[in-house]
């Protein structure tokens with residue numbers, strides 16, 4: 001068995017539940033083919049690097065797969081038929097990562113830095129200066 005990382009991008013107008021259903025369907029295809037999905041991560045609705053089929057945003061999903069290439073080819077064939085999938089990419093890797101992917105690590109670090117490290121914004125009341133006539137400039 002070989003190890004694969006598979007990322008697919010789904011249309012932005014479908015719901016998260018529909019994306020989860022797609023993920024379960026592809027997981028079932030892999031398990032029916034004799035493999036197993038060791039990890040699946042939903043990265044959320046993100047901006048794409050460029051416009052793909054008139055879409056600027058898409059749902060991103062990562063699957064770590066331990067399986068045979070025949071199951072992977074079948075999954076990719078079904079993805080090409082599905083109109084909800086904009087793009088997909090499968091890469092063969094030497095070993096699968098156990099912890100969070102780089103995207104999710106970056107997201108959690110960014111969220112922690114955004115809220116924990118910053119002090120609350122102290123808004124100072126407007127002070128009228130002697131040369132002001134009452135309006136803000």
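In region 6-21, what residues are touching a residue at least 60 places away in the same chain (Cβ under 8 Å), under 19 Å from residue 74 (Cβ atoms) and surrounded by fewer than 20 Cβ atoms within 10 Å (Cβ to Cβ)?
7
Out of region 48-78, which residues are in contact (Cβ under 8 Å) with a residue 60 or more places away in the chain and in a strand (DSSP E or B)?
Within region 48-78, 64, 65, 66, 67 meet the criteria.
Do we have residue 48 as surrounded by 13 or more Cβ atoms within 10 Å (Cβ to Cβ) and at negative phi here?
Details: surrounded by 13 or more Cβ atoms within 10 Å (Cβ to Cβ): yes; at negative phi: yes.
Considered against the rule, which asks whether it is surrounded by 13 or more Cβ atoms within 10 Å (Cβ to Cβ) and at negative phi, residue 48 comes out as yes.
Filtering region 80-103 down to residues that are farther than 16 Å from residue 4 by Cα and in contact with a strand residue (DSSP E or B) (Cβ under 6 Å, 6 or more places away or on another chain), which residue is modelled with the lowest pLDDT?
Once the filter is applied, the top-ranked residue is 103.
Hey, among the residues in region 79-102 that are in a loop (DSSP other than H, G, I, E, B) and more than 24 Å from residue 32 (Cα to Cα), which one's farthest from the chain's Cα centre (by Cα)? Write out each step before concluding.
Applying the first criterion (in a loop (DSSP other than H, G, I, E, B)) to region 79-102 yields 82-84, 94-101.
Of the ones still in play, those that are also more than 24 Å from residue 32 (Cα to Cα) are 99-101.
Numbers: 99: 16, 100: 12, 101: 10 Å.
So, considering only residues that are in a loop (DSSP other than H, G, I, E, B) and more than 24 Å from residue 32 (Cα to Cα), the one farthest from the chain's Cα centre (by Cα) is 99.
The values are calculated or read from the model by the stated rules, or taken from the named source; none is laboratory data. Bear in mind the structure is a predicted one, so any value in this text is a computation, not a measurement. Cβ atoms come from the backbone with ideal geometry, glycine included; neighbour counts cover every protein chain shown.
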